[in-house]
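The values are calculated or read from the model by the stated rules, or taken from the named source; none is laboratory data. Worth saying up front: this structure is predicted, and the values here are computed from it rather than measured. Cβ placement follows ideal geometry from the backbone for every residue including glycine, while neighbour counts extend to all protein chains displayed.
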Amino acid sequence: MRLWLGLVFVALCLWELLFFENVLTQVEFLFETKSLFITAYYVFVTLFGFLSLTLLFFVRSRLLFALFTLFTLVSYLVDLTYKNINKMGFSLNDLSVAFAEADKFALDALRAYAEPLKEASLFVFLLFVLMLIVRAIVKKRAYLVSTKLVFGSFVFALLLSYSVIFKTTGATQTRPTSIKLLNTIIYSFANSLYYGEREVLKQMPKNLAEYKNIILIVDESIGGKYLSINGYEKETTPYLKSIEKKFVNLGIASSGANCSATSNLILMSGLQLQELPDKENSSLKKPTIFAYAKNAGFKTHYISGQGLGMHFQNHMSKYDLAQIDNFVQPKEAYHNGSMPEERVILETKKALKSSSKNFIFMVKHGSHFQWEQSYPQTEKYFVPTLNETEALKLSRKKEALNSYLNSVKYNVDLFFKEFLDEIAFDKMKNTLIIYTSDHGQSILEEGRTSTHCDSTNPPLTQGVVPLLLFSSADKSLEQYHFQKDIYSHYEIFPTIQKLMGYTKLNGKTLFEVDKNAKQVFVSGDIFGRVMLQRNSIGRE
(Lines give C-alpha, C1' and ligand atoms only; values in the text may rest on other atoms or scores of the structure.)
Protein backbone atom coordinates (compact mmCIF):
# COMPACT_ATOMS: atom_id res chain seq x y z
CA MET A 1 0.00 0.00 0.00
CA ARG A 2 2.85 2.39 0.81
CA LEU A 3 4.20 1.88 -2.69
CA TRP A 4 0.88 2.85 -4.28
CA LEU A 5 0.49 5.82 -1.96
CA GLY A 6 3.91 7.01 -3.02
CA LEU A 7 3.24 6.46 -6.72
CA VAL A 8 -0.04 8.40 -6.66
CA PHE A 9 1.54 11.18 -4.59
CA VAL A 10 4.45 11.58 -7.04
CA ALA A 11 2.09 11.39 -10.04
CA LEU A 12 -0.09 14.20 -8.66
CA CYS A 13 2.93 16.38 -7.96
CA LEU A 14 4.34 15.80 -11.44
CA TRP A 15 0.95 16.54 -13.03
CA GLU A 16 0.85 19.95 -11.35
CA LEU A 17 4.48 20.71 -12.15
CA LEU A 18 3.91 19.77 -15.79
CA PHE A 19 0.98 22.12 -16.28
CA PHE A 20 1.56 24.72 -13.56
CA GLU A 21 5.27 25.42 -13.45
CA ASN A 22 4.69 28.51 -11.28
CA VAL A 23 4.79 26.22 -8.21
CA LEU A 24 8.58 26.07 -8.44
CA THR A 25 8.70 29.77 -9.34
CA GLN A 26 6.84 30.59 -6.12
CA VAL A 27 9.24 28.49 -4.03
CA GLU A 28 12.22 30.21 -5.66
CA PHE A 29 10.69 33.64 -5.06
CA LEU A 30 10.05 32.92 -1.38
CA PHE A 31 13.54 31.55 -0.87
CA GLU A 32 15.14 34.64 -2.42
CA THR A 33 12.93 37.27 -0.79
CA LYS A 34 11.71 35.69 2.47
CA SER A 35 13.18 33.48 5.16
CA LEU A 36 14.04 29.79 4.96
CA PHE A 37 11.28 29.13 7.52
CA ILE A 38 8.60 30.78 5.33
CA THR A 39 9.80 28.85 2.29
CA ALA A 40 9.79 25.58 4.23
CA TYR A 41 6.27 26.28 5.52
CA TYR A 42 5.02 26.95 1.99
CA VAL A 43 6.60 23.70 0.74
CA PHE A 44 5.12 21.77 3.67
CA VAL A 45 1.63 23.20 3.05
CA THR A 46 1.87 22.36 -0.65
CA LEU A 47 3.11 18.81 -0.10
CA PHE A 48 0.51 18.13 2.60
CA GLY A 49 -2.13 19.30 0.13
CA PHE A 50 -0.96 16.72 -2.37
CA LEU A 51 -0.93 14.06 0.35
CA SER A 52 -4.54 14.83 1.27
CA LEU A 53 -5.58 14.42 -2.37
CA THR A 54 -3.59 11.20 -2.60
CA LEU A 55 -5.49 9.74 0.35
CA LEU A 56 -8.79 10.52 -1.40
CA PHE A 57 -7.95 7.84 -3.98
CA PHE A 58 -7.87 5.34 -1.10
CA VAL A 59 -10.97 6.54 0.77
CA ARG A 60 -13.44 3.88 1.78
CA SER A 61 -16.51 5.98 0.94
CA ARG A 62 -17.62 5.78 -2.69
CA LEU A 63 -19.60 9.00 -2.35
CA LEU A 64 -16.60 10.95 -1.08
CA PHE A 65 -14.44 9.65 -3.91
CA ALA A 66 -17.13 10.57 -6.46
CA LEU A 67 -17.40 14.11 -5.06
CA PHE A 68 -13.61 14.38 -4.96
CA THR A 69 -13.36 13.25 -8.58
CA LEU A 70 -16.01 15.69 -9.77
CA PHE A 71 -14.53 18.67 -7.94
CA THR A 72 -10.97 17.83 -9.00
CA LEU A 73 -11.96 17.60 -12.66
CA VAL A 74 -13.90 20.87 -12.51
CA SER A 75 -10.99 22.57 -10.74
CA TYR A 76 -8.46 21.48 -13.34
CA LEU A 77 -10.83 22.38 -16.18
CA VAL A 78 -11.28 25.93 -14.85
CA ASP A 79 -7.61 26.53 -14.02
CA LEU A 80 -6.22 25.02 -17.22
CA THR A 81 -8.69 26.95 -19.36
CA TYR A 82 -7.67 30.23 -17.75
CA LYS A 83 -4.00 29.31 -18.02
CA ASN A 84 -4.48 28.72 -21.74
CA ILE A 85 -6.13 32.13 -22.00
CA ASN A 86 -3.98 34.36 -19.80
CA LYS A 87 -0.91 32.20 -19.01
CA MET A 88 -1.52 32.66 -15.27
CA GLY A 89 -4.48 30.46 -14.38
CA PHE A 90 -7.60 31.20 -12.33
CA SER A 91 -7.50 33.91 -9.65
CA LEU A 92 -9.79 35.90 -7.37
CA ASN A 93 -9.92 38.63 -9.99
CA ASP A 94 -11.27 36.13 -12.54
CA LEU A 95 -13.84 34.91 -10.02
CA SER A 96 -15.01 38.51 -9.45
CA VAL A 97 -15.38 39.05 -13.20
CA ALA A 98 -17.30 35.78 -13.54
CA PHE A 99 -19.71 36.79 -10.76
CA ALA A 100 -20.23 40.21 -12.34
CA GLU A 101 -20.62 39.25 -15.99
CA ALA A 102 -21.42 35.53 -16.30
CA ASP A 103 -25.15 36.07 -16.71
CA LYS A 104 -24.62 38.60 -19.53
CA PHE A 105 -21.58 37.39 -21.42
CA ALA A 106 -21.09 33.71 -20.51
CA LEU A 107 -22.14 32.49 -23.97
CA ASP A 108 -19.90 35.05 -25.70
CA ALA A 109 -16.98 33.96 -23.52
CA LEU A 110 -17.55 30.28 -24.29
CA ARG A 111 -17.54 31.03 -28.00
CA ALA A 112 -14.50 33.30 -27.91
CA TYR A 113 -12.46 30.93 -25.76
CA ALA A 114 -13.68 27.62 -27.15
CA GLU A 115 -10.17 26.62 -28.22
CA PRO A 116 -8.55 26.96 -24.76
CA LEU A 117 -11.56 25.17 -23.28
CA LYS A 118 -11.19 22.28 -25.73
CA GLU A 119 -7.48 21.93 -24.95
CA ALA A 120 -8.16 21.92 -21.22
CA SER A 121 -11.00 19.43 -21.64
CA LEU A 122 -8.68 16.99 -23.39
CA PHE A 123 -6.21 16.97 -20.50
CA VAL A 124 -8.99 16.77 -17.94
CA PHE A 125 -10.48 13.75 -19.73
CA LEU A 126 -7.06 12.09 -19.63
CA LEU A 127 -6.87 12.82 -15.89
CA PHE A 128 -10.36 11.34 -15.41
CA VAL A 129 -9.31 8.08 -17.09
CA LEU A 130 -6.15 7.88 -14.97
CA MET A 131 -8.13 8.53 -11.79
CA LEU A 132 -10.53 5.71 -12.60
CA ILE A 133 -7.66 3.33 -13.34
CA VAL A 134 -5.92 4.14 -10.07
CA ARG A 135 -9.17 3.81 -8.12
CA ALA A 136 -9.87 0.42 -9.73
CA ILE A 137 -6.43 -0.86 -8.72
CA VAL A 138 -6.85 0.46 -5.17
CA LYS A 139 -10.25 -1.22 -4.77
CA LYS A 140 -9.05 -4.50 -6.25
CA ARG A 141 -6.18 -4.67 -3.78
CA ALA A 142 -8.38 -3.46 -0.93
CA TYR A 143 -6.05 -0.58 -0.11
CA LEU A 144 -8.74 1.45 1.60
CA VAL A 145 -8.41 4.07 4.33
CA SER A 146 -10.88 5.33 6.96
CA THR A 147 -13.24 7.99 5.61
CA LYS A 148 -12.80 10.10 8.77
CA LEU A 149 -9.01 10.09 8.37
CA VAL A 150 -9.18 11.09 4.71
CA PHE A 151 -11.79 13.79 5.23
CA GLY A 152 -9.92 15.17 8.23
CA SER A 153 -6.63 15.35 6.33
CA PHE A 154 -8.33 17.20 3.45
CA VAL A 155 -9.92 19.76 5.80
CA PHE A 156 -6.57 20.25 7.56
CA ALA A 157 -4.82 20.73 4.21
CA LEU A 158 -7.46 23.28 3.25
CA LEU A 159 -6.91 25.21 6.48
CA LEU A 160 -3.13 25.16 6.04
CA SER A 161 -3.48 26.46 2.50
CA TYR A 162 -5.94 29.13 3.58
CA SER A 163 -3.50 30.31 6.25
CA VAL A 164 -1.05 31.18 3.46
CA ILE A 165 -3.70 33.07 1.51
CA PHE A 166 -4.92 34.86 4.65
CA LYS A 167 -1.42 35.85 5.76
CA THR A 168 -0.42 37.18 2.34
CA THR A 169 -3.81 38.80 1.57
CA GLY A 170 -4.33 36.47 -1.34
CA ALA A 171 -0.98 37.29 -2.94
CA THR A 172 0.42 33.75 -2.58
CA GLN A 173 -1.51 30.78 -3.90
CA THR A 174 -0.76 27.20 -2.97
CA ARG A 175 -1.35 24.00 -4.87
CA PRO A 176 -2.88 21.51 -5.62
CA THR A 177 -5.40 23.06 -7.95
CA SER A 178 -8.56 21.73 -6.31
CA ILE A 179 -7.53 23.21 -2.94
CA LYS A 180 -6.46 26.45 -4.62
CA LEU A 181 -9.83 26.85 -6.35
CA LEU A 182 -11.81 26.03 -3.22
CA ASN A 183 -9.75 28.47 -1.15
CA THR A 184 -10.24 31.20 -3.80
CA ILE A 185 -14.00 30.79 -3.47
CA ILE A 186 -13.85 30.77 0.34
CA TYR A 187 -11.54 33.79 0.39
CA SER A 188 -13.92 35.68 -1.91
CA PHE A 189 -16.92 35.12 0.35
CA ALA A 190 -14.89 35.79 3.50
CA ASN A 191 -13.85 39.15 2.02
CA SER A 192 -17.14 40.19 0.46
CA LEU A 193 -17.52 43.79 -0.62
CA TYR A 194 -19.65 46.48 1.01
CA TYR A 195 -23.27 46.48 -0.07
CA GLY A 196 -25.55 49.20 1.23
CA GLU A 197 -26.51 52.85 1.15
CA ARG A 198 -23.97 55.45 0.08
CA GLU A 199 -22.94 58.42 2.20
CA VAL A 200 -25.03 61.56 1.82
CA LEU A 201 -23.24 64.32 -0.11
CA LYS A 202 -23.30 67.53 1.89
CA GLN A 203 -21.01 69.49 -0.42
CA MET A 204 -22.69 72.03 -2.69
CA PRO A 205 -21.23 73.79 -5.74
CA LYS A 206 -19.98 77.33 -5.17
CA ASN A 207 -20.02 78.36 -8.82
CA LEU A 208 -22.54 78.16 -11.59
CA ALA A 209 -22.35 75.12 -13.85
CA GLU A 210 -20.50 75.82 -17.08
CA TYR A 211 -22.75 73.56 -19.16
CA LYS A 212 -26.44 72.82 -19.27
CA ASN A 213 -25.83 69.31 -20.57
CA ILE A 214 -22.85 67.11 -19.66
CA ILE A 215 -22.70 63.69 -21.32
CA LEU A 216 -20.10 61.11 -20.32
CA ILE A 217 -19.94 58.29 -22.86
CA VAL A 218 -18.09 55.17 -21.73
CA ASP A 219 -17.58 52.77 -24.60
CA GLU A 220 -16.78 49.08 -24.29
CA SER A 221 -13.41 47.54 -25.24
CA ILE A 222 -12.24 50.34 -27.55
CA GLY A 223 -8.46 50.43 -27.82
CA GLY A 224 -7.25 53.99 -28.34
CA LYS A 225 -4.41 52.89 -30.62
CA TYR A 226 -6.88 51.45 -33.14
CA LEU A 227 -8.50 54.77 -34.05
CA SER A 228 -7.07 56.27 -37.23
CA ILE A 229 -7.48 59.75 -35.72
CA ASN A 230 -4.80 58.55 -33.29
CA GLY A 231 -2.49 57.48 -36.09
CA TYR A 232 -3.61 53.92 -36.79
CA GLU A 233 -2.75 52.97 -40.38
CA LYS A 234 -6.19 51.64 -41.36
CA GLU A 235 -9.07 54.10 -41.70
CA THR A 236 -11.25 53.12 -38.77
CA THR A 237 -12.51 56.65 -38.04
CA PRO A 238 -12.94 58.52 -41.36
CA TYR A 239 -16.05 60.37 -40.17
CA LEU A 240 -14.35 61.65 -37.05
CA LYS A 241 -11.41 62.68 -39.21
CA SER A 242 -13.76 64.71 -41.39
CA ILE A 243 -15.10 66.67 -38.39
CA GLU A 244 -11.88 66.84 -36.36
CA LYS A 245 -12.21 70.63 -35.98
CA LYS A 246 -15.44 70.10 -34.05
CA PHE A 247 -13.90 68.20 -31.17
CA VAL A 248 -10.71 68.01 -29.15
CA ASN A 249 -8.78 64.77 -29.46
CA LEU A 250 -6.71 64.20 -26.34
CA GLY A 251 -5.05 61.23 -28.00
CA ILE A 252 -4.06 58.08 -26.17
CA ALA A 253 -5.26 57.98 -22.55
CA SER A 254 -4.90 55.37 -19.83
CA SER A 255 -8.00 53.74 -18.40
CA GLY A 256 -8.55 53.46 -14.68
CA ALA A 257 -8.27 49.69 -14.88
CA ASN A 258 -8.24 47.00 -17.56
CA CYS A 259 -11.59 45.54 -16.53
CA SER A 260 -15.06 46.96 -17.19
CA ALA A 261 -16.53 46.89 -13.68
CA THR A 262 -13.50 48.45 -11.99
CA SER A 263 -12.99 51.16 -14.61
CA ASN A 264 -16.65 52.16 -14.53
CA LEU A 265 -16.57 52.23 -10.74
CA ILE A 266 -13.50 54.49 -10.79
CA LEU A 267 -15.29 56.84 -13.22
CA MET A 268 -18.49 56.90 -11.15
CA SER A 269 -16.91 57.18 -7.69
CA GLY A 270 -13.99 59.49 -8.46
CA LEU A 271 -11.54 57.07 -6.81
CA GLN A 272 -7.98 58.27 -7.45
CA LEU A 273 -4.88 56.24 -8.23
CA GLN A 274 -3.22 57.18 -4.94
CA GLU A 275 -6.26 55.82 -3.04
CA LEU A 276 -5.72 52.32 -4.39
CA PRO A 277 -6.02 49.64 -3.18
CA ASP A 278 -9.41 50.61 -1.81
CA LYS A 279 -9.33 48.32 1.23
CA GLU A 280 -12.10 50.24 3.00
CA ASN A 281 -14.45 49.94 0.01
CA SER A 282 -14.80 53.73 -0.04
CA SER A 283 -15.66 53.64 -3.76
CA LEU A 284 -18.77 51.65 -2.80
CA LYS A 285 -19.67 53.94 0.09
CA LYS A 286 -18.96 57.54 -0.87
CA PRO A 287 -21.25 59.64 -3.12
CA THR A 288 -21.05 58.98 -6.84
CA ILE A 289 -20.94 61.49 -9.67
CA PHE A 290 -24.75 61.31 -9.75
CA ALA A 291 -24.94 62.79 -6.24
CA TYR A 292 -22.69 65.67 -7.26
CA ALA A 293 -24.88 66.23 -10.31
CA LYS A 294 -28.06 66.22 -8.21
CA ASN A 295 -26.64 68.75 -5.74
CA ALA A 296 -25.68 70.96 -8.67
CA GLY A 297 -29.24 70.94 -9.97
CA PHE A 298 -28.82 68.47 -12.81
CA LYS A 299 -31.34 65.85 -13.77
CA THR A 300 -29.41 62.58 -13.75
CA HIS A 301 -29.62 59.84 -16.36
CA TYR A 302 -27.94 56.43 -16.56
CA ILE A 303 -28.39 54.89 -20.00
CA SER A 304 -26.71 51.55 -20.69
CA GLY A 305 -26.49 49.36 -23.77
CA GLN A 306 -25.13 46.44 -21.75
CA GLY A 307 -27.65 45.72 -19.02
CA LEU A 308 -31.28 44.77 -19.19
CA GLY A 309 -34.15 46.12 -17.13
CA MET A 310 -33.17 46.47 -13.48
CA HIS A 311 -30.07 44.28 -13.70
CA PHE A 312 -27.20 46.19 -12.07
CA GLN A 313 -23.63 46.11 -13.32
CA ASN A 314 -20.23 47.66 -12.68
CA HIS A 315 -20.61 47.40 -8.88
CA MET A 316 -23.83 49.42 -8.96
CA SER A 317 -26.67 48.51 -6.62
CA LYS A 318 -30.27 49.44 -5.93
CA TYR A 319 -28.97 52.09 -3.52
CA ASP A 320 -27.46 54.06 -6.42
CA LEU A 321 -30.96 54.63 -7.81
CA ALA A 322 -31.60 57.22 -5.12
CA GLN A 323 -29.42 59.68 -7.08
CA ILE A 324 -30.47 58.63 -10.59
CA ASP A 325 -33.64 60.19 -11.96
CA ASN A 326 -33.72 58.18 -15.17
CA PHE A 327 -32.27 54.64 -15.12
CA VAL A 328 -32.59 53.04 -18.56
CA GLN A 329 -31.19 49.75 -19.85
CA PRO A 330 -33.19 49.05 -23.00
CA LYS A 331 -33.58 45.65 -24.58
CA GLU A 332 -32.03 45.20 -28.03
CA ALA A 333 -29.66 48.09 -27.46
CA TYR A 334 -27.18 47.54 -30.29
CA HIS A 335 -27.06 47.08 -34.06
CA ASN A 336 -30.50 45.61 -34.60
CA GLY A 337 -31.19 48.39 -37.08
CA SER A 338 -29.03 50.53 -39.32
CA MET A 339 -28.04 52.75 -36.40
CA PRO A 340 -25.38 51.54 -33.93
CA GLU A 341 -26.91 51.17 -30.47
CA GLU A 342 -30.11 52.75 -31.70
CA ARG A 343 -32.04 52.42 -28.44
CA VAL A 344 -29.24 54.07 -26.46
CA ILE A 345 -29.06 56.96 -28.91
CA LEU A 346 -32.82 57.48 -28.89
CA GLU A 347 -33.02 57.31 -25.08
CA THR A 348 -30.26 59.93 -24.86
CA LYS A 349 -32.07 62.13 -27.38
CA LYS A 350 -35.20 61.82 -25.27
CA ALA A 351 -33.28 62.73 -22.09
CA LEU A 352 -31.85 65.86 -23.72
CA LYS A 353 -35.36 67.18 -24.37
CA SER A 354 -35.66 67.92 -20.67
CA SER A 355 -35.69 71.66 -19.99
CA SER A 356 -33.54 71.17 -16.88
CA LYS A 357 -29.81 70.73 -16.74
CA ASN A 358 -28.89 67.15 -17.64
CA PHE A 359 -26.06 64.87 -16.64
CA ILE A 360 -26.02 61.69 -18.71
CA PHE A 361 -23.80 58.69 -18.00
CA MET A 362 -23.95 56.50 -21.10
CA VAL A 363 -22.49 52.98 -21.14
CA LYS A 364 -22.19 51.55 -24.65
CA HIS A 365 -22.17 47.93 -25.69
CA GLY A 366 -19.37 48.84 -28.07
CA SER A 367 -16.89 46.23 -29.27
CA HIS A 368 -17.44 43.56 -26.69
CA PHE A 369 -16.44 40.12 -28.00
CA GLN A 370 -17.55 38.30 -30.07
CA TRP A 371 -16.40 41.07 -32.40
CA GLU A 372 -18.03 39.58 -35.49
CA GLN A 373 -21.35 39.78 -33.70
CA SER A 374 -20.90 43.39 -32.63
CA TYR A 375 -21.49 44.88 -36.08
CA PRO A 376 -23.73 44.05 -39.09
CA GLN A 377 -22.09 42.14 -41.92
CA THR A 378 -23.06 44.98 -44.25
CA GLU A 379 -20.44 47.08 -42.43
CA LYS A 380 -17.53 44.73 -43.14
CA TYR A 381 -14.65 46.78 -44.60
CA PHE A 382 -11.55 44.94 -43.45
CA VAL A 383 -11.11 41.34 -44.59
CA PRO A 384 -10.53 38.46 -44.03
CA THR A 385 -12.32 38.17 -40.69
CA LEU A 386 -13.26 35.51 -38.20
CA ASN A 387 -16.53 33.68 -38.59
CA GLU A 388 -19.33 34.91 -36.34
CA THR A 389 -18.94 32.09 -33.82
CA GLU A 390 -15.24 31.36 -34.32
CA ALA A 391 -13.02 31.11 -31.26
CA LEU A 392 -9.95 33.29 -30.80
CA LYS A 393 -6.83 31.45 -31.98
CA LEU A 394 -3.23 32.64 -32.08
CA SER A 395 -3.00 31.37 -35.66
CA ARG A 396 -5.88 33.65 -36.71
CA LYS A 397 -4.53 36.97 -35.45
CA LYS A 398 -4.97 38.78 -38.78
CA GLU A 399 -8.59 37.71 -39.05
CA ALA A 400 -9.27 38.58 -35.42
CA LEU A 401 -7.74 42.03 -35.87
CA ASN A 402 -9.87 42.74 -38.95
CA SER A 403 -13.01 41.65 -37.10
CA TYR A 404 -12.12 44.03 -34.29
CA LEU A 405 -11.34 46.92 -36.67
CA ASN A 406 -14.71 46.49 -38.38
CA SER A 407 -16.35 46.60 -34.96
CA VAL A 408 -14.46 49.77 -34.02
CA LYS A 409 -15.36 51.48 -37.30
CA TYR A 410 -19.02 50.68 -36.76
CA ASN A 411 -19.31 51.21 -33.01
CA VAL A 412 -17.19 54.35 -32.80
CA ASP A 413 -17.10 56.14 -36.13
CA LEU A 414 -20.59 55.35 -37.40
CA PHE A 415 -21.99 55.69 -33.90
CA PHE A 416 -20.82 59.29 -33.67
CA LYS A 417 -22.13 60.07 -37.14
CA GLU A 418 -25.59 58.84 -36.16
CA PHE A 419 -25.50 60.09 -32.59
CA LEU A 420 -24.41 63.67 -33.31
CA ASP A 421 -26.92 63.89 -36.14
CA GLU A 422 -29.78 62.42 -34.11
CA ILE A 423 -29.33 64.81 -31.18
CA ALA A 424 -28.66 67.72 -33.60
CA PHE A 425 -25.42 68.54 -31.82
CA ASP A 426 -24.51 71.31 -34.27
CA LYS A 427 -27.57 73.24 -33.09
CA MET A 428 -27.20 72.53 -29.40
CA LYS A 429 -25.96 75.03 -26.84
CA ASN A 430 -24.20 74.64 -23.51
CA THR A 431 -23.43 70.97 -24.11
CA LEU A 432 -20.28 68.95 -23.48
CA ILE A 433 -19.63 65.34 -24.47
CA ILE A 434 -16.72 63.44 -22.93
CA TYR A 435 -15.98 60.19 -24.73
CA THR A 436 -13.72 57.36 -23.58
CA SER A 437 -13.75 53.57 -23.20
CA ASP A 438 -13.77 51.41 -20.09
CA HIS A 439 -10.53 49.71 -21.11
CA GLY A 440 -8.45 48.90 -24.16
CA GLN A 441 -8.05 45.62 -25.98
CA SER A 442 -5.21 43.17 -26.53
CA ILE A 443 -5.64 41.05 -29.62
CA LEU A 444 -3.76 37.76 -29.36
CA GLU A 445 -0.71 39.45 -27.89
CA GLU A 446 2.11 37.80 -25.93
CA GLY A 447 0.73 34.35 -26.70
CA ARG A 448 -2.54 35.08 -24.87
CA THR A 449 -6.09 34.82 -26.09
CA SER A 450 -7.38 37.05 -23.29
CA THR A 451 -8.48 40.50 -24.47
CA HIS A 452 -8.70 42.36 -21.13
CA CYS A 453 -8.92 41.84 -17.36
CA ASP A 454 -5.54 40.07 -17.05
CA SER A 455 -4.58 40.62 -13.42
CA THR A 456 -0.80 40.08 -13.68
CA ASN A 457 1.51 41.69 -16.25
CA PRO A 458 -1.27 42.46 -18.75
CA PRO A 459 -0.39 43.61 -22.27
CA LEU A 460 -0.33 47.40 -22.02
CA THR A 461 -2.90 47.72 -24.82
CA GLN A 462 -5.51 46.62 -22.27
CA GLY A 463 -5.18 50.02 -20.61
CA VAL A 464 -4.99 52.22 -23.74
CA VAL A 465 -8.23 54.11 -24.46
CA PRO A 466 -9.39 57.11 -26.51
CA LEU A 467 -10.40 60.43 -24.97
CA LEU A 468 -12.40 63.00 -26.95
CA LEU A 469 -14.17 66.21 -25.96
CA PHE A 470 -17.12 67.58 -27.96
CA SER A 471 -18.27 71.05 -26.96
CA SER A 472 -21.17 72.92 -28.55
CA ALA A 473 -20.25 75.86 -30.78
CA ASP A 474 -21.15 78.45 -28.14
CA LYS A 475 -18.73 76.89 -25.64
CA SER A 476 -15.33 76.76 -27.30
CA LEU A 477 -12.56 74.78 -25.60
CA GLU A 478 -9.81 76.79 -27.29
CA GLN A 479 -9.03 78.62 -24.04
CA TYR A 480 -7.55 75.39 -22.70
CA HIS A 481 -4.16 74.46 -24.07
CA PHE A 482 -4.65 70.72 -24.24
CA GLN A 483 -1.84 68.38 -25.13
CA LYS A 484 -2.06 64.79 -26.34
CA ASP A 485 -1.21 61.44 -24.81
CA ILE A 486 -0.87 62.60 -21.18
CA TYR A 487 -4.36 62.01 -19.72
CA SER A 488 -6.10 59.24 -17.81
CA HIS A 489 -9.50 58.27 -16.46
CA TYR A 490 -8.56 59.67 -13.08
CA GLU A 491 -8.96 63.25 -14.34
CA ILE A 492 -12.49 62.80 -15.69
CA PHE A 493 -14.41 62.86 -12.39
CA PRO A 494 -12.69 66.04 -11.09
CA THR A 495 -13.25 67.66 -14.49
CA ILE A 496 -16.98 67.02 -14.32
CA GLN A 497 -17.05 68.28 -10.72
CA LYS A 498 -15.41 71.54 -11.80
CA LEU A 499 -17.76 71.98 -14.76
CA MET A 500 -20.72 71.49 -12.42
CA GLY A 501 -19.48 74.35 -10.24
CA TYR A 502 -17.60 72.58 -7.45
CA THR A 503 -14.34 74.00 -6.12
CA LYS A 504 -13.30 71.16 -3.80
CA LEU A 505 -12.29 68.46 -6.28
CA ASN A 506 -11.26 64.82 -5.97
CA GLY A 507 -8.06 65.37 -7.98
CA LYS A 508 -6.56 67.13 -10.96
CA THR A 509 -8.79 68.00 -13.91
CA LEU A 510 -8.09 67.56 -17.60
CA PHE A 511 -7.36 71.30 -17.69
CA GLU A 512 -4.35 71.10 -15.37
CA VAL A 513 -2.55 67.84 -16.06
CA ASP A 514 1.21 68.21 -16.15
CA LYS A 515 2.87 67.30 -19.45
CA ASN A 516 5.08 64.80 -17.61
CA ALA A 517 2.17 63.07 -15.87
CA LYS A 518 2.30 59.30 -15.68
CA GLN A 519 -0.39 57.36 -17.52
CA VAL A 520 -1.14 54.37 -15.34
CA PHE A 521 -3.89 51.77 -15.23
CA VAL A 522 -4.30 49.13 -12.57
CA SER A 523 -4.92 45.41 -12.93
CA GLY A 524 -6.05 42.90 -10.36
CA ASP A 525 -8.36 43.56 -7.43
CA ILE A 526 -8.80 47.27 -6.62
CA PHE A 527 -10.14 46.40 -3.15
CA GLY A 528 -6.85 44.98 -1.90
CA ARG A 529 -8.07 41.40 -1.47
CA VAL A 530 -5.28 40.21 -3.77
CA MET A 531 -2.38 41.87 -5.52
CA LEU A 532 -3.02 45.14 -7.33
CA GLN A 533 -0.58 45.98 -10.08
CA ARG A 534 0.15 49.41 -11.56
CA ASN A 535 0.94 49.46 -15.27
CA SER A 536 2.39 52.48 -17.07
CA ILE A 537 1.44 52.82 -20.74
CA GLY A 538 3.97 55.54 -21.50
CA ARG A 539 6.75 57.47 -19.87
CA GLU A 540 7.82 56.49 -16.39
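Summary table below
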item: Subset of the range 170-228 [surrounded by 18 or more Cβ atoms within 10 Å (Cβ to Cβ), of a type in the set (A, V, I, L, M, F, W, C) and within 28 Å of His368 (Cα to Cα)]; result: Leu181, Ile214, Ile215, Leu216, Ile217, Val218, Ile222, Leu227
item: Boolean, Ile229 is touching a Leu at 6+ places or on another chain (Cβ under 7 Å), more than 30 Å from Val124 (Cα to Cα) and assigned to a helix (DSSP H, G or I); result: yes
item: Sole exception among (1) more than 30 Å from Asp94 (Cβ to Cβ); (2) assigned to a strand (DSSP E or B) for Pro466, by number; result: (1)
item: Hits in the range 57-72 (condition: buried (at least 17 other Cβ atoms within 10 Å of the Cβ), out of contact with any Leu (no Cβ under 7 Å at 6 or more places or on another chain) and assigned to a helix (DSSP H, G or I)); result: Thr69, Thr72
item: From Glu280, Glu341, residue being at positive phi and out of contact with any helix residue (DSSP H, G or I) (no Cβ under 6 Å at 6 or more places or on another chain); result: Glu341
item: Residue within the range 345-361 that is small (Gly, Ala, Ser), more than 24 Å from Ser269 (Cα to Cα) and modelled with pLDDT under 90 present; result: yes
item: Search result, residues across the range 486-508 that are under 15 Å from Tyr435 (Cα atoms) and either assigned to a loop (DSSP other than H, G, I, E, B) or touching a helix residue (DSSP H, G or I) at 6+ places or on another chain (Cβ under 9 Å) (or both); result: Tyr487, Ser488, His489, Tyr490, Ile492, Phe493, Ile496
item: Residue that is of a type in the set (Phe, Trp, Tyr), free of Cβ contacts under 8 Å to residues at least 40 places away in the same chain and more than 30 Å from Thr262 (Cα to Cα), where the choices are Phe57, Phe9, Phe37; result: Phe37
item: Test: Thr436 is surrounded by 24 or more Cβ atoms within 10 Å (Cβ to Cβ) and not in a loop (DSSP other than H, G, I, E, B); result: yes
item: Top-ranked residue of the range 387-404 - restricted to ones that are closer than 18 Å to Lys234 by Cα and buried (at least 23 other Cβ atoms within 10 Å of the Cβ), ranked as nearest to the chain's Cα centre (by Cα); result: Tyr404
item: Test result for Ile360, of a type in the set (Val, Ile, Thr), more than 23 Å from Gly256 (Cβ to Cβ) and touching a residue at least 40 places away in the same chain (Cβ under 8 Å); result: no
item: Residue match in the range 28-45 (condition: under 20 Å from Phe154 (Cα atoms) and crowded, with 18+ Cβ neighbours inside 10 Å); result: yes
item: All positions within the range 163-202 that are in a loop (DSSP other than H, G, I, E, B), among the charged types (D, E, K, R) and at pLDDT below 85; result: Arg175
item: Out of Asp413, Asp421, sole residue that is within 26 Å of Leu499 (Cα to Cα), among the acidic types (Asp, Glu) and either more than 22 Å from the chain's Cα centre (by Cα) or assigned to a helix (DSSP H, G or I) (or both); result: Asp421
item: Filter pass, Ser472 being without any contact (Cβ under 8 Å) to a residue 24 or more places away in the chain, assigned by TED's automatic domain parsing to the domain that holds Ser255, of a type in the set (Ser, Thr, Tyr) and over 30 Å from Asp525 (Cβ atoms); result: no
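A quick yes/no check of all residues on (1) over 17 Å from Arg448 (Cα atoms); (2) modelled with pLDDT of 85 or more; (3) buried (at least 18 other Cβ atoms within 10 Å of the Cβ):
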position: Ser75; (1), (2), (3): yes, yes, yes
position: Ile85; (1), (2), (3): no, no, yes
position: Ala100; (1), (2), (3): yes, no, yes
position: Phe123; (1), (2), (3): yes, yes, no
position: Val129; (1), (2), (3): yes, yes, no
position: Ala142; (1), (2), (3): yes, no, no
